1. Would you mind ranking B:290, B:234, B:170 so that the residue whose beta carbon has the fewest other beta carbons within 10 Å leads the list?
2. Quick check: from the Cα gyration tensor, does chain B come out rounded (a/c under 1.5), prolate or oblate?
3. Taking 2.2 N^0.38 Å as the expected size of a compact globular protein, what ratio does the Cα radius of gyration of the range B:168-382 give against it, to two decimals?
4. So, how do all the Cα-to-Cα distances of chain A break down into 20 Å bins, in percent, from 0 on up?
5. Provide B:205, B:147, B:158 in ascending order of the number of other Cβ atoms located within 10 Å of each residue's Cβ, fewest first.
6. How far is helix A:97-132 tilted off the main Cα axis of chain A, in degrees rounded to 10, range 0 to 90?
7. Counting other C-beta atoms within 10 Å, which of B:103, A:234 has the fewest, and how do the rest follow?
8. Enter the mean projected area of the convex hull around the alpha-carbon atoms of the range B:49-93, in nm², rounded to one decimal.
């Protein structure tokens, strides 16, 4: 047990270091954006008719603490994020980022996690069956479908589904809520409405993730299925689904759990673009908005950091989970 | 009697075995690759598309920029050359001339009509707009065109009357070029960073690993978007092109760097490295002359596999408007227009470049897969 606690602690520390490095990368990126928050705010004031001077900008920079050295500002940002969970104020919208993001981020995360679950719910059984099947037609068509997952990007799939549903149903299936629920508080009715619309982004985001997962599961199963312990088990009279599940599948799914973080990463990649096409009102669309339209570095940084943080958390969780169910991993990590 | 063919066969077998054992790594990989039918088909498709991109100006009848627009045929449907119609048969394929008019009859809107009595015959090797073949040889011959002032649009035209066929051909080249540049940049970075981490090991390795892992954790498209958002609007299309390639390269290196590092970590304890060290070879010399050649084939395969990701990222970036923009023809820039409702319902031929994109990525993936199987000496025994 002590060994396990030590392992968990080391992993947590490593996750924390990764998060810190990520925060440095994100913060540097935010700094690189041309113009500062102060200039942006005053530029806005300028459009409202008031004259601004260089001195005004300098004063505003002092007020926002932008005249401090880079490391100090980064330290302050990290401190606020890690200790208080505060991301500060958006440069353009002038509202608290936490307030702006809270619902939207959880919706995004929920959709992405659902897409992840969806992709493995399909990929695990099909991958296992296809690996154990010798039928070349099945295998080749599966291979083709997985490649199509890469070649037919999610945004194209989204477009095609939209085209189809506009022509057939007369509704483009876009957005996350119906009109009557858009500004309502969360309730069961609103949740139901959300679910009736969220399946499309979940399906589209899960599409290429499924293709990748299918390939991973199949390759891992193929590696395991030829091993001697499987032959021995079948010699003992275990067969069919029982054989597959209890022997090779058990072993091949370990690495799959390990790679969940990277799958989530891939899904996050697609999120802003899919959100843009389906006009979802969640953080992916907000990220695009803040980067492409308004150059809102505070908001964009917060979103990228949150997305990455959820990947780090998932990586940490799967590592711990894997160590719990597989003592070899634990020992391997301890060295 | 019966022993002779057997002995002959044995001799051939012996020869084949000898050839097999003395073959270089490249020859072995090529032999295995050739046996993979899917990969070979994909390779031919890829070569075809690369050639199409390379000779795009010659193959495309019109200038893909606004200079080559056909103002009489905006948002025009694809025109298919015909051999016969109600007026009779013709050995030379033809299309109909189009006319545009605006009058009280058409409610003062431009209406394009097809004049079925006026045939425009397809001609080969016609003189058209000036271009530089392969970027150097000035030329003005094009593979095909129609006679007279008329124009032929195999894939239709877009909202400003630009020929989509010409644009697609040029776009393939641009997308390939961006991908190649991106892969090259990420390759050099991966080689240097992975090489240093793997060769020196110790704390240098730990620090570099930490940075690599952190970059790998950040979702790349949001990172691309963040970097691409720095691009000022006034940059020329060439600058944008290079900037996008650099971004793709800057973010694409961690996976390859990690693989190079792992390989180096296992290789550097081998005897041949020790021997070279004892001979007084410098670190740089050992990395370049001994370690890198030991896994060139894997690097090539890896580059091939990362190529479709580069092309895909470029397309995604351009698609959302952060990458290359309209005067440049990249596959992503061409797809930008596809998402408009008007296009979805009325001008479906805008989707034709999408087919080329899917084909290009599929070809790369199949070739990369075939190469990976061919480079893996155990691939035969595994299956």
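1. Placing the least packed residue first, the sequence is B:234, B:290, B:170.
2. oblate
3. Against the compact-globule rule of thumb, the ratio is 1.20.
4. 25, 49, 23, 3, 0
5. B:147, B:205, B:158
6. 20 degrees
7. Least to most surrounded, the residues fall as B:103, A:234.
8. Averaged projected hull area, Cα only: 5.1 nm².
Read-outs: derived from the displayed coordinates by stated rules, not from any lab. Only a predicted model underlies this, so the values are computations on that prediction, with no experimental measurement involved. All Cβ positions, even for glycine, are placed from backbone atoms using ideal geometry, and neighbour counts span all protein chains on display.
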